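Structure record follows, encoded as structure tokens.
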Amino acid sequence: MKNRIFLIAVFIVALIAVPALAMQGHDMKSGDKNMDHGAQDMQMDHTGMGGTFKHMATEGGIDAEFQVMSLASMNMTSDKGETHHIMVNLKETDGGAPIKDAVGKIKVVGPDGKEQVSTLKNYNGILAANFTFKEPGKYGVICLLKHQDKKQVFKFWYHHMQ
């Protein structure tokens, strides 16, 4: 009887402890890129499924969904030598209407500290711009948007691997 109680107790502890230990330092690999799960920095990396990195954020009543894609994965090229396409889709928070008339700029800061700035072009409500990611590393993406006399800033990290 004591052995059964002891085995049941060990089993219950194992059921609780193993998943908790597995979640410590949770870094998940998807293809060649890392996927970090932070409370504010929600990112999904779908490298194996078309080369798309997604980042979602909410600021000042706006939900923004960013996507970073290689131009090659989109079967596109750039006459300026750009390698990646960043687009953002906006809507009002809590399932609100799409925001189609925003304007803005994106600044990308490379691992070497060099900055690229591009004005977002509006493609039927989806804002987009092209950039060059020459080397692997952590790129800072800063997006300044203006909508109805309000300015919003969105920031996130994109980990580029070649």
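The values are calculated or read from the model by the stated rules, or taken from the named source; none is laboratory data. None of the values given here were measured: they were computed from a predicted structure. Note that each Cβ is placed from the backbone with ideal geometry, even for glycine, and that neighbours are counted across all protein chains shown.
Annotation: of all residues in region 135-162 being over 19 Å from the mean Cα position of the chain (by Cα) and either part of a loop (DSSP other than H, G, I, E, B) or among the aliphatic types (A, V, I, L, M) (or both), the one that is surrounded by the most Cβ atoms within 10 Å (Cβ to Cβ) is GLN148. Residues of region 135-151 being within 17 Å of ASN122 (Cα to Cα) and in contact (Cβ under 8 Å) with a residue 60 or more places away in the chain, which ones? Listed by number, the residues that qualify are CYS143, LEU145, HIS147. Of all residues in region 79-116, those that are hydroxyl-bearing (Ser, Thr, Tyr) and either touching a Pro at 6+ places or on another chain (Cβ under 9 Å) or over 16 Å from HIS160 (Cβ atoms) (or both) total 1.
Among the residues of region 69-106, those that are within 19 Å of the chain's Cα centre (by Cα), buried (at least 16 other Cβ atoms within 10 Å of the Cβ) and part of a loop (DSSP other than H, G, I, E, B) comprise LEU71, THR83. Pull out all pairs, ordered by first then second residue, where Cβ-Cβ is under 6 Å, the residues are six or more apart or on different chains, the first lies in region 59-86 and is in contact (Cβ under 8 Å) with a residue 12 or more places away in the chain, and the second is surrounded by 13 or more Cβ atoms within 10 Å (Cβ to Cβ) and charged (D, E, K, R). Close Cβ pairs satisfying both conditions: ASP63/LYS91; GLN67/LYS54.
Residue count for region 107-134, restricted to those that are surrounded by 13 or more Cβ atoms within 10 Å (Cβ to Cβ), more than 15 Å from PHE53 (Cα to Cα) and not hydrophobic (A, V, I, L, M, F, W, C): 9. For the condition crowded, with 18+ Cβ neighbours inside 10 Å and either of a type in the set (Ser, Thr, Tyr) or at pLDDT 95 or above (or both), PHE66 qualifies.
Might you let me know whether region 110-125 holds any residue that is within 16 Å of the chain's Cα centre (by Cα), part of a strand (DSSP E or B) and either among the aromatic types (Phe, Trp, Tyr) or at pLDDT 95 or above (or both)? Within region 110-125, none of the residues are within 16 Å of the chain's Cα centre (by Cα), part of a strand (DSSP E or B) and either among the aromatic types (Phe, Trp, Tyr) or at pLDDT 95 or above (or both). I need a count of the residues in region 71-90 that are farther than 17 Å from ILE106 by Cβ and touching a strand residue (DSSP E or B) at 6+ places or on another chain (Cβ under 8 Å). The total comes to 3.
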